[in-house]
Amino acid sequence: MGRITTSGKGRRWVLGGHPWIYADDIAQRDAKPGELVPVFGPNDEPLGWGLHSSASRIAVRLVTRSAEQPKRDTWRALIQRAVDTRSALGLLDERGSCRLVSGDAEHLPGFVVDRYADVLVVQSGCQGSDALRDFLVEVLLEVVPFEVRAVLERSDSGVRRLEELEPRVEWLKGSVDEPVLVEEPDELVYEVDVTHGHKTGHYLDQRDNRAVAGGYALAVPDGTGRMLDAFSYDGLFGIQAARRGAEDVLCLDQAAACEERVRRNAELNGVAKKVRFEKADLMQDLRRRVKEGESYDLVVVDPPAFARNRKEAAGAARGYRELNLRALGLVNSGGHLVTASCSFAVSRESFIGHLEDAARDSGRDAYLLHVAGAAHDHPVLLGLPESNYLKCAFLRVV
Ligand SMILES: C[S@@+](CC[C@H](N)C(=O)[O-])C[C@H]1O[C@@H](n2cnc3c(N)ncnc32)[C@H](O)[C@@H]1O
């Protein structure tokens with residue numbers, strides 16, 4: 001069995017609470033790719049056990065801070081705790097959806113599981129979770145308190161390149177050919193294309209923010225009931241607004257496949273007559289719409305991450321300022337802008353700073369009503385700031 005010895009800086013970092021150890025902070029490394037290894041400080045004091053990566057800057061992701069090797073029961077208890085948490089949150093409704101296991105934030109490095117009704121979609125993001133995949137899925141299936149029709153591995157995200165891992169998409173149990181139908185307790189209905197959709201097929205993290213944003217659709221006295229869902233993907237911000245009374249919803253996204261997804265989801269929710277889709281590159285398209293004088297009572301902008309790491313944060317700042325300046329130009333007086341950033345490298349404070357700059361440049365008064373994060377099934381582990389990635393600001397614009 002291998003072992004890792006940290007430098008003094010690495011030891012201080014681990015004791016400071018972060019569960020990742022960077023390659024630069026390792027003094028001695030004797031470990032295979034993906035191996036579960038004990039970690040020691042420079043004086044041989046045990047710091048815990050973690051999954052090793054031979055390729056990534058994140059060389060070890062801690063599973064436990066105990067000196068004892070994690071056994072089957074340890075892994076089982078971690079998965080059980082994740083599932084119990086969703087149960088306590090009321091998210092295990094038979095036909096519903098949730099993030100069932102949230103990887104590093106739940107001490108299951110790289111291992112993410114999304115649940116869409118009776119279909120589970122597993123993502124593995126590091127060498128260690130690849131090595132443990134079959135075992136973790138076996139334990140998961142022992143633990144979940146509902147019938148599972150199929151399990152798909154959708155390990156095709158770009159982050160795997162950092163671990164020198166090939167993309168892997170594979171049915172691990174059963175299979176489904178058609179999109180999976182999800183029916184949420186609030187009667188929102190939608191389809192998820194688990195094999196071809198983005199991420200695991202859907203963006204679960206915005207669930208709660210969509211429900212709140214929908215409530216702003218009719219919040220403008222004498223408003224037009226027009227709503228713009230920019231970066232719409234499968235259209236659920238817009239569809240939630242239409243369900244709450246918005247009269248005319250325009251969904252925009254550059255991915256052509258979104259058109260059919262938005263159309264189907266609007267139809268399933270009985271709002272097909274109110275919801276339209278147009279394919280557009282939004283960095284250009286929003287500028288044109290402002291010039292042409294378009295206006296909406298509710299505008300949602302939910303772009304992809306503009307910064308994948310801290311080095312890209314400066315470029316991202318310009319992107320967020322520009323995008324939100326354009327979005328502000330499209331909001332009717334008294335209307336609302338709901339604007340998100342999923343870049344973990346852009347802090348909540350920086351994001352609000354970018355919104356302040358955009359408001360100043362727009363010459364409008366914008367009031368920050370509140371800033372939310374991801375839905376609670378995407379837990380934020382204190383000590384792991386990377387798990388606190390989503391910011392969603394709700395603004396009233398006058
Ligand atoms: C974070 S997702 C949006 C999630 C969606 N709002 C939801 O509630 O599920 C970002 C979306 O932006 C789209 N996108 C990325 N770059 C774009 C661009 N330049 N113009 C338009 N859409 C873009 C992607 O296709 C993706 O659907």
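The values are calculated or read from the model by the stated rules, or taken from the named source; none is laboratory data. Since this is a predicted model, take the numbers as computed values, not measurements. Every residue, glycine as well, gets a Cβ built from its backbone with ideal geometry; the counts of neighbours run over all protein chains shown. All accessible areas refer to the heavy atoms of the entire protein, side chains included, with ligands and DNA or RNA removed. Shrake-Rupley method; radii C 1.70, N 1.55, O 1.52, S 1.80 Å.
Label separation (Glu349 vs Phe146): 4.0 nm, computed from points 7 Å beyond Cα along the C-beta direction.
Sorting the Cα pairs of the chain by distance into bins of 20 Å, from 0 upward, gives 27, 53, 19, 1 percent per bin.
The gain in end-to-end length when the Arg65 to Asp134 segment is fully stretched comes to 22.4 nm, 0.36 nm per residue minus the alpha carbon separation.
Stretching the chain fully between Glu247 and Glu170 yields a gain of 23.6 nm (0.36 nm per residue, less the alpha carbon separation).
Each of the peptides 365-371, 135-141 was scored by the mean count of other Cβ atoms within 10 Å over its residues; in descending order, highest first, they stand as 135-141, 365-371. When only Cα pairs below 8 angstrom with a gap of at least 6 residues are kept, the range 307-398 shows a relative contact order of 39 percent.
Our helix-only sum for the chain, with -39,500 (n - 2.57) per DSSP H run of n ≥ 4 divided by its residues, gives a mean residue ellipticity at 222 nm of -8500 deg cm²/dmol.
Against the chain, whose longest principal axis is taken from its Cα atoms, helix 127-143 shows a tilt of about 80°. Remark: for residue pairs Lys279/Lys311; Lys9/Lys32; Lys199/Lys311, the C-alpha separation exceeds 26 Å in Lys279/Lys311. Accessible surface calculations at 1.4 Å, restricted to protein heavy atoms, place the chain at 44 Å² per residue. Helix 72-88 versus the longest principal axis of the chain: what angle, 0 to 90°, nearest 10, using Cα atoms? Approximately 20 degrees, to the nearest 10.
Find, to one decimal place in angstroms, the Kirkwood hydrodynamic radius of the range 134-219, where the mean of 1/r is taken over every pair of different Cα atoms and then inverted.
About 15.5 Å for the range 134-219.
Straight Cα distances below 18 angstrom link Lys273 to the aspartates and glutamates Asp229, Asp234, Glu247, Asp248, Glu259, Glu260, with same-chain residues fewer than 8 positions distant left out. Computed over neighbours whose Cβ is under 12 Å from that of Val169, the net charge equals -1, Lys and Arg +1, Asp and Glu -1. Size estimate for the range 1-152 follows the Kirkwood approach: the inverse of mean 1/r over distinct Cα pairs works out to 16.0 Å. With a Förster radius of 56 Å applied to the beta-carbon distance between Gln28 and Glu294, the computed FRET efficiency rounds to 0.35.
Using alpha carbons only, the radius of gyration of the range 245-398 set against its Kirkwood radius gives Rg/Rh = 0.97. Ignoring ligands, DNA and RNA, please state the percent of accessible area on the chain from carbon and sulfur, probe 1.4 Å. It is 49 percent, rounded to a whole number.
For the range 21-57, the residues whose backbone nitrogen is under 20 Å from a point 7 Å from the Cα of Leu15, taken along Cα to Cβ, are 21-28, 38-50.
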